[in-house]
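Everything below concerns the one structure shown next.
None of the figures in this text is laboratory data; all of them are computed from the coordinates on show. Bear in mind that the values here come from a model prediction, so they are computed numbers and not experimental data. All Cβ positions, even for glycine, are placed from backbone atoms using ideal geometry, and neighbour counts span all protein chains on display.
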Amino acid sequence: MKAPAFRYHAPRRLEQAIELAATLPNARLLAGGQSLLPMLNFRLLAPEHVVDLAKVEGLAGIDELPGAVRIGAMTRQREIEFSEVVRRRLPLLAEAIRWVGHRQTRNRGTLGGSLCHLDPSAEQPMVAMAMDAVLDIASPKGTRRLPMHEFALDLMTPAIEDGEIVTAVTFPQWPEGHGWGFEEFARRHGDYAIVAVAALVLRDGDGRLSRASVTLGGVAATARRVTDAERCLVGSRGEPAAVAAAAEACAQVPAMGDAQIPAGYRSRLARTLAQRALDRAIARTGAVA
Amino acid sequence: MSSPSHPPSDRCVDHHEIRLRVNGRDICARVEDRLGLADFLREDLGLTGTHLGCEHGVCGACTVWIDGHSARACLTLAAQADGCEIRTVESLASPDGTLHPLQQAFRDHHGLQCGYCTPGILMSLAELLRDVPDPDESAIREVLSGHLCRCTGYQNIVAAARAAVDRLRGAQ
Ligand code: FES
Ligand code: FES
């Protein structure tokens with residue numbers, strides 16, 4: 001179908017965008033449009049106003065900070081995919097981004113758009129959750145910073161008020177030599193994941209895992225860290241029994257189910273993909289990206 | 001049918017003025033705010049090579065280039081294309097009618113049947129061939145994963161893409 005009628009705005013400065021978002025009734029923010037436009041065309045949404053952020057200055061770009069990488073909310077997935085900084089410093093994000101949609105949608109879709117859409121099986125919210133990313137959220141009152149686990153409230157429900165705009169996402173970097181793994185299963189490449197798993201591990205000097213991060217996508221209402229799995233790994237040497245226990249913990253997370261994909265199937269996928277993601281992450285420890 | 005997007009300013013519909021370049025031609029137009037880029041290209045500019053299949057980003061029939069990169073024209077408002085450089089399938093063949101090597105390869109290898117999906121696939125493959133001079137089959141298939149074709153079964157599309165790669169490399 002065609003989108004319902006609305007009024008389109010294309011502010012150039014952040015203050016203008018914030019003011020529009022805060023004052024216009026029933027307004028939606030438009031980032032890359034790869035989720036909003038389908039929802040408009042399906043007429044699942046009928047906003048009175050659409051505020052396009054594409055021309056707002058200063059919302060796109062990848063900045064290296066000490067110990068972290070800050071990515072502007074309007075940075076397109078394509079730029080993340082081909083960024084040398086991301087490949088070197090955020091290898092998990094570099095790997096996960098290639099699973100996002102298709103070439104043609106990554107060329108337009110943005111990091112901030114995906115985080116705000118907050119699809120339960122989307123890869124970018126998973127990586128933000130896995131890495132304890134922090135979002136900058138601007139409003140007429142100023143900018144607040146919110147960690148991803150507080151931002152992801154519920155199914156497609158970010159903790160963001162009318163009039164607030166996510167402007168950037170800061171990913172704290174894992175130390176050099178950490179291992180990462182990302183595994184996903186979908187019926188066809190580029191479809192929404194049925195289940196996806198992101199894993200990060202770090203080894204200390206005597207070969208024990210000193211840190212682990214395990215995140216599921218497509219299982220719960222939002223991307224979900226599995227702290228029980230992380231506890232199975234930290235202190236272990238990443239031996240098969242520890243990985244199997246962590247994978248089992250992933251299978252224990254209560255899973256969503258529907259007529260096509262029952263919960264039990266998602267749980268089995270969670271176990272299998274967690275095993276693979278962890279095996280890969282552990283094998284990669286010590287390697288310099 | 002979508003109504004043409006030109007003025008009727010007495011109607012209660014919001015419009016925007018956009019300036020963009022389409023296939024090398026500078027265009028200034030007044031478009032309805034909700035008008036999609038694909039409808040703008042087809043209805044307002046008469047560039048009917050860009051097809052609309054699903055209108056929600058799944059089939060790839062509407063693929064054009066926006067600022068040098070393939071994109072879904074059904075997931076882009078005409079207003080968002082303000083200031084952009086758009087290329088459509090009409091720009092592939094030379095003005096004298098000589099087909100682009102990809103188009104020729106599709107013809108030679110039976111890479112299309114009904115042709116509905118073809119313009120979008122050509123635009124995506126043209127981007128791949130520009131960016132990756134010698135793509136392997138998996139790179140070709142990965143790009144094709146953003147497209148649906150109900151006729152060919154894809155094998156001949158892959159064969160055509162590979163033939164175009166060989167031909168372009170031979171020409172270097
Ligand atoms: S019409 Fe745009 S993807 Fe199907
Ligand atoms: S040739 Fe008919 S849909 Fe592809």
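Worth a mention:
- Chain B: relative contact order as a whole-number percent, Cα under 8 Å and 6+ apart: 21
- The length gained on full extension between A:Asp206 and A:Ala5, counted as 0.36 nm times the residue separation minus their Cα-Cα distance, comes to 66.1 nm.
- Peptides A:96-104, A:172-180 ranked from most to least packed by the mean count of surrounding Cβ atoms within 10 Å: A:96-104, A:172-180.
- Applying 1/(1 + (r/R0)^6) with R0 = 51 Å to the Cβ-Cβ distance of A:Ala221 and A:Glu19 gives a FRET efficiency near 0.95.
- Extended-chain gain in nm, criterion 0.36 nm per residue less alpha-carbon gap, A:Ala283 and A:Ala245: 11.9 nm
- Prolate/oblate/rounded call for chain B, Cα gyration tensor, a/c under 1.5 rounded: prolate
- Rounded, prolate or oblate (a/c below 1.5 giving rounded, otherwise prolate when a/b exceeds b/c) for the protein assembly as shown by Cα gyration tensor: oblate
- Segment A:1-43 versus segment A:170-247: alpha-carbon centroid distance in Å: 36
- Efficiency of FRET between A:Lys141 and B:Thr48 - r from beta-carbon atoms, R0 45 angstrom, step 0.05: 0.35
- The value of relative contact order for chain A, using C-alpha pairs under 8 Å at least six residues apart, is 16 percent.
- GNM result for chain B, Cα springs below 10 Å: residue of B:Pro95, B:Pro119, B:Pro133 fluctuating most strongly: B:Pro95
- Length-normalised contact order of segment A:7-50 in % [C-alpha pairs under 8 Å, at least 6 apart]: 52
- Computed 3J(HN,Hα) for segment A:71-88, one whole-Hz value per residue from the Karplus formula 6.51 cos²θ - 1.76 cosθ + 1.60 where θ = phi - 60°, is 10, x, 4, 8, 5, 7, 4, 4, 5, 5, 4, 9, 7, 5, 4, 5, 4, 7, glycine and proline marked x.
- The overall shape of segment B:14-91 is oblate: from the C-alpha gyration tensor, with semi-axes ordered a ≥ b ≥ c, the ratio a/c is 1.5 or greater and a/b is no larger than b/c.
- Taking 13 Å as the cut-off, the amide N atoms of segment A:105-146 that come nearer than this to a point 7 Å along the Cα-to-beta-carbon line of A:Ala159 belong to A:133-137, A:144-146.
- A helix-only calculation puts chain B at -8000 deg cm²/dmol for mean residue ellipticity at 222 nm, using -39500 (n - 2.57) for each DSSP H run of at least four residues, averaged over all residues.
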